[in-house]
Amino acid sequence: MRSHYRDIPAYITKDGSTIRELMHPDQHGGRNQSLAEATIPPGAKTLLHRHIETEEIYHITAGSGLMTLGEEHFNVEKGDSVLIPPGTAHCIENTGNEMLTILCCCAPAYRHEDTEML
């Protein structure tokens, strides 16, 4: 299955980021994972949340920010990847002057029902 960026509508997810589901079982087939692009404008922050079942990887493709992962807080920038284990509270703040863009890989695939706001 192939998808093209221009054909994928963006939406606001529960954590407040703008998401494009680049690959998701509900739209593209596949079974075990999803890939999305999240964008966060300068000065904005996603809401603190966790996923009960899903393991997530963030890969920063543009911008910089402050990542909260459990009790840790650390800076991230283009080229960084962050592993987010299931059940771990997390959020990210755009601390730069450009759009913070993140590739988000979820396994199992992202589901709104698996997201718990904290």
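The values are calculated or read from the model by the stated rules, or taken from the named source; none is laboratory data. A quick note: this is a predicted structure, and the numbers were derived from the prediction, not measured. As a convention, Cβ positions derive from the backbone with ideal geometry for all residues, glycine included, and neighbour counts pool all protein chains shown.
What to note about this one:
- Among the residues of region 67-114, those identified as over 14 Å from the mean Cα position of the chain (by Cα), of a type outside the set (S, T, N, Q) and assigned to a strand (DSSP E or B) are 72, 73, 74, 77.
- Filter result (touching a Ser or Thr at 6+ places or on another chain (Cβ under 8 Å), assigned to a loop (DSSP other than H, G, I, E, B) and either without any contact (Cβ under 8 Å) to a residue 40 or more places away in the chain or of a type in the set (Gly, Ala, Ser) (or both)) within region 1-22: 10, 16, 17
- Candidates 23, 1: the one that is in contact with a Gly (Cβ under 7 Å, 6 or more places away or on another chain) and loosely packed, with under 14 Cβ neighbours inside 10 Å is 1.
- The set of residues in region 26-44 that are within 12 Å of the chain's Cα centre (by Cα) and either among the polar types (S, T, N, Q) or more than 13 Å from residue 109 (Cβ to Cβ) (or both) comprises 34, 37, 38, 39, 40.
- Residue list for region 23-43, filter: touching a residue at least 60 places away in the same chain (Cβ under 8 Å), of a type in the set (A, V, I, L, M) and either more than 16 Å from residue 58 (Cα to Cα) or out of contact with any Asp or Glu (no Cβ under 6 Å at 6 or more places or on another chain) (or both): 35, 38, 40
- Checking 113, 71 one by one, the residue that is loosely packed, with under 13 Cβ neighbours inside 10 Å, at pLDDT below 95 and charged (D, E, K, R) is 113 and no other.
- Condition check for residue 56: of a type in the set (D, E, K, R), within 19 Å of residue 14 (Cα to Cα) and either in contact (Cβ under 8 Å) with a residue 60 or more places away in the chain or assigned to a strand (DSSP E or B) (or both): yes
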